[in-house]
1. Check Ser264, Ser285 and return the single one that is over 22 Å from the mean Cα position of the chain (by Cα) and either open to solvent by 10 Å² or more (accessible area, probe 1.4 Å) or of a type outside the set (A, V, I, L, M) (or both).
2. Among the residues of the stretch 121-176, what is the count of those that are assigned to a loop (DSSP other than H, G, I, E, B), of a type in the set (A, V, I, L, M, F, W, C) and either touching a Phe, Trp or Tyr at 6+ places or on another chain (Cβ under 8 Å) or closer than 22 Å to Glu20 by Cα (or both)?
3. Scanning for something touching a residue at least 24 places away in the same chain (Cβ under 8 Å), hydrophobic (A, V, I, L, M, F, W, C) and open to solvent by 10 Å² or more (accessible area, probe 1.4 Å), does the stretch 86-93 turn up at least one residue?
4. Which one of Ala61, Ala66, Ala42 is small (Gly, Ala, Ser), at pLDDT 90 or above and closer than 20 Å to Gly140 by Cα?
5. Checking the conditions here, which among Ala247, Ala251 is in contact with a strand residue (DSSP E or B) (Cβ under 6 Å, 6 or more places away or on another chain) and within 19 Å of Val173 (Cβ to Cβ)?
Amino acid sequence: MSDDEGVDVDAYEDVWVFVEEHAGEVMPVSWELLAEAETLAARTGEDLVALVIGEGLGDVAEEAIARGADRVLVADDPVFEPYRADPYGAQFRAMVEERKPSIVLIGGTHTGRDFAGRVAVPAHAGLTADVTEIDVDDEGILQARRPAFGGDLLATILCEDHRPQMATIRPGVFEAADPVDGESATADGEIVDVEVVVEEADAISEVIEREVGDTADITEAERIVAVGHGVEGDLGPAIELAEALDAELAASRAAVDEGWVDGSRQVGQTGKTVRPDLYVAVGISGAIQHVEGMNRSGTVIAINDDPNAPIFEHADYGIVGDLFEVCPKLADRLADEPVAEVTR
């Protein structure tokens, strides 16, 4: 099939979600996608299918059913642990070619971004990356929205002539539904063991050694202290406040561009989307690109010496003052008080 040929879109059906797990631990974005995909499947009248690749996946498959999947496709084999792009990509591609899903959603993690293209390119599928909103129209066309032009606007990407319609979704933009308890939770679901089409001898890569760096995932943080250009490179006061709150440190794009904070901790349209119980914005002006990444937070506190800073329009509490004085004073106050009283 040439690149410009279409496909028989009527031959493709069902909404798939890739459930990413490593050594039995499921990445939270997988459950976020499963909850959101349930709405898409209901609108299209198709099944919601979870896809699990790895080793020792029985509990993961059962939880996927409990969280709403109609069917779980399980490829269970030691060749998939630890993760490597070539076995994962080959297995996923074979399942897509055989079963022909209409929509495939993958978490925009390092793993998801690594192998999604290995499926999309040979299948001539439409793949939209870094998606922050999804919907489906009456024709079953996935509407994948993502930041464009440096985050100044959202572009809606459609794939009308090719299948499957694929998207990698930014973690944290959706809320995961809790699993249903009891035997009835898995009574109506089906777990299908699929043929493993790859062998260790076929793998072109081998994991020799793993080195773990900054593994903090701000999308899962309950409390965040985020810094902006106003800290002027001095993170000390904000770090002191973060430690007092038992919070993760995050940053606006301006602070990341200056090299003050690692890009993995950037919040905003071109960074990560977070929804903590408490979000403290320190020296952040409040540009819309940043607000889009944190406007689902529970309680927002803004600290800025500019009373007209836009961030105050999005804050539950605002402190107009010098952050280099305010942050240490707050940290001192918190030293003798339970954090729970602050985030209530």
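The values are calculated or read from the model by the stated rules, or taken from the named source; none is laboratory data. Every value quoted in this text rests on a predicted model; they were computed, and no experiment measured them. Cβ placement follows ideal geometry from the backbone for every residue including glycine, while neighbour counts extend to all protein chains displayed. These area figures cover heavy atoms from the full protein model, side chains too; ligands, DNA and RNA do not enter into them. Shrake-Rupley method; radii C 1.70, N 1.55, O 1.52, S 1.80 Å.
1. When all the criteria are applied, what remains is Ser285.
2. Qualifying residue count for the region: 4.
3. yes
4. Checking each option against the conditions leaves just Ala42.
5. Ala251
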